[in-house]
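The values are calculated or read from the model by the stated rules, or taken from the named source; none is laboratory data. Remember, predicted model here, so these are calculated numbers, not experimental data. Note: ideal-geometry Cβ built from the backbone for every residue, glycine included; neighbour counts use all protein chains shown. To get the accessible areas, we keep the full protein, side chains included, count just its heavy atoms, and leave off ligands, DNA and RNA. Shrake-Rupley method; radii C 1.70, N 1.55, O 1.52, S 1.80 Å.
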Amino acid sequence: MRRQSPRGTLIAGCAGLALLLSACASTAPNALYGLQAPSEFETGQKRSVQILVAAPRALSALDTSNIAVVDKGPAYSYFSQAAWADQLSNVVQAGLVQTLENTNRLKGVGLPGEGLLIDFQLQTELRAFQLQVDGADRAVVEIAAKLVNDRNGRTVDSRVFTASVPAGGVGVDQAVAAMNQAASQVFRDMAAWVLSKV
């Protein structure tokens with residue numbers, strides 16, 4: 001269920017520029033954005049394991065389709081007339097599934113309810129996924145991950161993955177492009193980590 005942001009318009013100052021940010025739930029966004037999963041990986045031995053990618057957990061400020069802009073505090077606001085193609089947790093979950101599939105090193109990767117005989121679960125928490133404007137404008141993506149053996153419930157390993165990419169500006173296109181780069185780096189690092197543990 002999509003969470004509605006408080007009505008009204010927020011104006012956030014940033015590096016001498018004014019960002020017009022709005023969270024008016026009654027206005028449909030003019031542009032929807034997705035994430036591009038990494039697609040080129042080194043070849044290697046295929047594992048006969050299947051992995052379930054659980055829906056990421058996140059605070060309400062990130063558990064939305066709104067594209068977050070974060071100033072000091074942290075204080076959250078959102079781009080007006082632009083949104084993720086789905087709730088961010090679903091967008092990230094789909095990106096992780098596609099990334100793991102694109103490695104061509106696993107027997108199967110799936111979502112809850114798809115009926116796979118799961119060997120491991122990848123559980124994640126979105127800690128940051130935003131344009132950060134408290135200094136140099138940059139995209140920040142941080143995801144905490146836990147790999148769990150689905151047969152016995154034991155945690156195999158856990159790790160926090162972080163990437164920061166200069167945005168080159170405060171427009172939504174610049175922000176989303178930088179977030180895509182940061183997410184791609186995190187997804188690639190997470191895939192390598194998963195493959196090293198299964």
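Key figures for this structure:
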quantity	calculated
Options L52, L100, L96, L62; residue that is part of a loop (DSSP other than H, G, I, E, B) and touching a strand residue (DSSP E or B) at 6+ places or on another chain (Cβ under 9 Å)	L62
Answer from A182, A178 - the residue that is modelled with pLDDT of 95 or more, open to solvent by less than 40 Å² (accessible area, probe 1.4 Å), in contact with a Gly (Cβ under 9 Å, 6 or more places away or on another chain) and under 17 Å from A68 (Cβ atoms)	A178
Inter-residue pairs, beta-carbon under 8 Å, first more than 14 Å from F161 (Cβ to Cβ) and in region 173-186, second among the acidic types (D, E) and in a helix (DSSP H, G or I), 6+ apart	none
Options S184, S164: the member that is out of contact with any helix residue (DSSP H, G or I) (no Cβ under 8 Å at 6 or more places or on another chain), among the hydroxyl-bearing types (S, T, Y) and either in a helix (DSSP H, G or I) or over 17 Å from R57 (Cα atoms) (or both)	S184
Verdict on S77 being outside any helix (DSSP H, G or I) and out of contact with any helix residue (DSSP H, G or I) (no Cβ under 9 Å at 6 or more places or on another chain)	yes
Which numbered condition A37 fails, given (1) buried (at least 18 other Cβ atoms within 10 Å of the Cβ); (2) within 26 Å of Q121 (Cβ to Cβ); (3) modelled with pLDDT under 90	(3)
Members of region 103-152 found to be part of a strand (DSSP E or B), β-branched (V, I, T) and farther than 30 Å from V170 by Cα, listed by number	V109, V148
Every residue from region 78-101 that is within 17 Å of the chain's Cα centre (by Cα) and of a type in the set (S, T, N, Q)	Q87, S89, N90, Q93, Q98, T99
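For every residue, the table says whether it meets (1) farther than 24 Å from S60 by Cβ; (2) open to solvent by 20 Å² or more (accessible area, probe 1.4 Å); (3) not aliphatic (A, V, I, L, M).
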position	(1), (2), (3)
Q98	yes, yes, yes
R105	yes, yes, yes
P112	no, yes, yes
D119	yes, yes, yes
E142	no, yes, yes
V172	no, yes, no
